[in-house]
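Right, one structure below, let's go through it.
Laboratory data are not the source of any read-out in this text; all were calculated from the coordinates shown. Remember, predicted model here, so these are calculated numbers, not experimental data. So basically every Cβ, Gly included, is an ideal-geometry build from the backbone, and we count neighbours across all protein chains shown.
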Amino acid sequence: MSDFTWDGTDKQMLDDLMLWGQKVMEAIRAVAEYFAPVIEAYAKQNASWTDRTGNARQGLHGYVEDFSSDVVALYLSYGAGIDYSIYLELAHNGRYAIIIPTFEAHYAEIEKMLKGIFA
C-alpha cells in the first residue's frame with residue numbers, strides 16, 4: 001500500500017475534488033448522450049411487433065435527463081399518445097417488449113465506457 005500526501009491547502013484540495021467531480025459528471029453525461037440515439041435506433045429497428053400505424057415505433061425515444069448535479073439518467077420510452085405501449089411491453093409475458101431488451105443489449109458497452117472514465 002502506498003502513502004498519499006497532499007501538499008496544498010485544504011481549500012485547494014476541496015476545489016480540485018469539486019472540479020474532478022464536475023469533469024466526471026460531464027463524462028458520464030457524454031456517455032449517456034452518446035447512447036440515447038443508439039438505443040432509440042436499436043429499439044425502433046428491433047421491436048418485434050407488426051406495425052399497423054407506425055406510431056409506437058416512431059414514438060420510441062431515447063433521451064438524457066439531469067436529476068441533480070450528481071445524477072444523470074438515460075431513458076428509452078414511448079412518446080405521448082401511445083396509450084397501448086404498456087401492453088406492448090407487458091402483455092404476452094413480455095414477448096413484444098423492447099425497452100428492457102434494448103438496455104440489456106447495450107449494458108456491456110455502456111459499462112465499458114463508464115469504466116473508462118475512471119481508468
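Summing +1 for each Lys or Arg and -1 for each Asp or Glu, what net charge is found among the other residues whose Cβ lies under 15 Å from the Cβ of residue 21? Charge balance in the 15 Å sphere: -3. Among the listed options (i) 98; (ii) 120; (iii) 132, the one matching volume of the Cα convex hull per residue in Å³ as calculated from these coordinates is (iii).
Each of 14, 99, 50 was placed along the dipole of the stretch 10-117 (beta-carbon charges, centred on the mean Cα), and the one lying farthest toward the positive end is 50. Residues whose amide H lies under 5 Å from that of residue 60, counting only those 5 or more places away or on a different chain, are 79; hydrogens are built 1.01 Å from N in the peptide plane. Measuring nothing but how far apart in sequence close Cα pairs (under 8 Å, 6+ apart) lie, relative to its length, the stretch 10-117 scores a relative contact order of 28 percent. In this calculation the C-beta distance from residue 95 to residue 24 is compared with R0 = 35 Å, giving a FRET efficiency of 0.35.
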